[in-house]
Structure formats: C-alpha cells, structure tokens
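Asks: Pasting in a structure now, in structure tokens, and then I'll have a few things to ask.
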Amino acid sequence: MRGSVFLIIVAVVMLSVSFVAANINSVSLEKNKNKESIKDIQFSTFTSAVCENKEDFVHCKDEIFVNCNGNISKAIDVAECNGIRLDVQKATGFAMFEKGWKDPRN
C-alpha cells in the first residue's frame with residue numbers, strides 16, 4: 001500500500017514538473033517570436049522642405065514624413081505604423097526665397 005501511494009506521489013510530482021516546464025518553454029517561445037517581429041519593423045520620422053512657386057517668390061515649409069516599412073508618406077496621411085499610433089504635431093519651419101533661387105539639393 002505504501003509503495004503504491006509513493007508511486008502515485010512521484011507520478012503527480014513528475015506531471016507537475018513537466019507541466020511547469022512546458023509552460024515556461026511556450027512563454028519563452030512566444031517572447032522570441034515577439035522579438036523577431038519587432039526586429040522586422042522599419043519605422044522612422046524626418047522633416048523635409050516642401051517648396052512651391054508663388055508669384056515672385058519660392059515659398060518653402062517643413063513637413064514631417066514617416067518611413068513605415070520602406071513606404072514614405074506625409075505624417076498627416078499616416079495614422080498608424082505597425083501598431084505605433086502617430087500623434088503628429090505641425091512643423092513650424094518656413095522660408096521665402098526670390099524667384100530665381102536655385103535649390104542646392106537638386
């Protein structure tokens with residue numbers, strides 16, 4: 001009788017340990033999947049001058065752009081990128097140049 005009770009206790013302990021080990025393994029696998037998916041996200045923001053010819057001057061203003069996985073868009077046109085919600089503030093840079101002004105970036 002004592003031998004069978006001892007065997008049952010050993011079996012319960014072994015099942016409990018294997019259950020805990022399986023849960024720890026599944027949690028670590030899930031964390032690794034999340035880390036791998038985070039590495040695949042490409043996200044950045046930057047400003048760039050956008051210029052227009054108006055009358056005798058060239059009007060330039062800064063605009064904020066978003067690079068979301070290689071797709072570059074104006075930030076005001078993108079609400080979310082890979083789960084990252086964007087709250088875009090207006091850029092305040094502005095300049096005026098004479099009509100014959102040549103943009104040195106071109």
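Asks: Residues of the range 63-92 with the amide nitrogen closer than 18 Å to a label point 7 Å from the Cα of Thr47, along Cα-to-Cβ, please.
Replies: Output list for this probe position: 63-67, 73-77, 87-92.
Asks: Follow-up question, since we're still on this one. Amide H neighbours of Ala91 under 5 Å, counting only residues 5+ apart in sequence or on other chains, H built in-plane at 1.01 Å?
Replies: Ile64
Asks: Still on this structure: So if we plug the beta-carbon distance of Ala95 and Asn71 into 1/(1 + (r/R0)^6) with R0 = 22 Å, what FRET efficiency do we get, rounded to 0.05?
Replies: Result of the calculation: an efficiency of 0.20.
Asks: What are the ³J(HN,Hα) values, in whole Hz, obtained from phi via the Karplus relation 6.51 cos²θ - 1.76 cosθ + 1.60 with θ = phi - 60°, for each residue of the range 91-99 in sequence order, with x given for Gly and Pro?
Replies: Those phi angles translate into 6, 10, x, 7, 8, 10, 10, 5, 4 Hz.
Asks: Show me, for the range 53-70, the HN-Hα J-couplings you get by feeding each phi into the Karplus relation (A = 6.51, B = -1.76, C = 1.60, θ = phi - 60°), rounded to Hz, glycine and proline as x.
Replies: 7, 9, 6, 9, 9, 9, 9, 10, 9, 7, 10, 8, 10, 10, 9, 10, 6, x
Asks: What whole number of Å gives the distance from the Cα centroid of the range 49-71 to the Cα centroid of the range 77-96?
Replies: 13
Read the figures in this text as sums done on the coordinates, not as results from a lab. Everything numeric in this text was worked out from a predicted model, so none of it was measured. Every residue, glycine among them, receives a Cβ derived from its backbone with ideal geometry; neighbour counts consider all protein chains shown.
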